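A short worksheet on the structure shown next.
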Amino acid sequence: MFGINTPELIMLAIVAVLVIGPKRLPEYVEKLKNLIREVRRMASGARETIKDEAGVDIDEIDWKKLDPRQYDPRRIIREALLDDDDVEALAAAKAAPAAAMAAMLGKDDPADAAVEQPAAPAKTIERLPAGVAAPFDVEAT
C-alpha cells in the first residue's frame with residue numbers, strides 16, 4: 001500500500017497517536033474509515049459504469065492483446081500490401097529454411113536447427129563504373 005512496509009506503518013501509527021492525541025484519535029479513525037469506504041464505493045461504481053457502457057467486464061479483457069508494444073509497423077504494412085496467399089507463402093518461405101536445416105541435421109524440431117544455423121554471408125556492394133551517373137528519379141523526391 002503506497003510503498004509503505006509494516007515497520008513504517010507502525011511508526012506512522014505511533015506518530016499519529018502522539019500528534020493527534022488519544023482524545024481526538026477515534027474521530028480521525030472514523031473519518032479515515034469513511035474515506036476508505038467512499039473510495040471503494042466510487043471504484044466499484046466506476047467498474048459498473050464501464051461494464052454497462054462497454055459491455056464487457058474489466059477482468060475479461062485480454063490486456064496483452066491490446067499492448068501496443070507487440071505491433072511491428074513493418075509487418076503490418078507488409079501484410080496490408082500483400083494478398084492473403086502472399087502472406088501465407090511468405091510465412092512458409094520463412095519456415096522452410098529452418099525445416100530444411102532440421103532435416104539436414106537430423107533434428108525433429110526446426111526451432112533447434114534454427115539456433116545452430118551459420119551466419120549469412122555478407123552482401124557485396126556493386127559499384128558503378130567510373131564516369132557513370134547514378135540513377136535519379138525526379139518524381140521520387
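Out of everything in segment 42-65 that is of a type outside the set (Val, Ile, Thr) and part of a loop (DSSP other than H, G, I, E, B), what residue ends up being surrounded by the most Cβ atoms within 10 Å (Cβ to Cβ)?
ASP57
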> For the subset of segment 73-82 comprising residues that are of a type outside the set (Lys, Arg) and either closer than 30 Å to LEU12 by Cα or surrounded by 10 or more Cβ atoms within 10 Å (Cβ to Cβ) (or both), which member is farthest from the chain's Cα centre (by Cα)?
Replying inline: LEU82
>> It is to be established whether one or more residues within segment 83-105 are open to solvent by 80 Å² or more (accessible area, probe 1.4 Å), at pLDDT 70 or above, over 30 Å from ALA16 (Cβ atoms) and not in a helix (DSSP H, G or I).
In response: yes
>> Only one of VAL39, VAL132, VAL138 is open to solvent by 90 Å² or more (accessible area, probe 1.4 Å) and either of a type in the set (A, V, I, L, M) or modelled with pLDDT of 85 or more (or both). Can you tell me which?
In response: VAL138
> Within segment 3-13, which residues are assigned to a helix (DSSP H, G or I), of a type outside the set (Gly, Ala, Ser) and surrounded by 10 or more Cβ atoms within 10 Å (Cβ to Cβ)?
Replying inline: GLU8, LEU9, ILE10, MET11, LEU12
>> Return the pair list, or none, for Cβ contacts closer than 9 Å from residues in segment 46-67 that are charged (D, E, K, R) to residues that are modelled with pLDDT of 75 or more, at least 6 apart or on different chains.
In response: ASP57/ARG47; ASP57/ILE50; ASP57/LYS51; LYS64/GLN70
>> I need a count of the residues in segment 14-27 that are part of a helix (DSSP H, G or I) and open to solvent by less than 90 Å² (accessible area, probe 1.4 Å).
In response: 7
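The values are calculated or read from the model by the stated rules, or taken from the named source; none is laboratory data. Note that this is a predicted model, so its numbers are computed, not measured. Heads up, the Cβs are rebuilt from the backbone with ideal geometry, glycines too, and the neighbour counts pull from every protein chain shown. When the accessible area is computed, the model is the full protein with side chains, heavy atoms only, and any ligands, DNA or RNA have been set aside. Shrake-Rupley method; radii C 1.70, N 1.55, O 1.52, S 1.80 Å.
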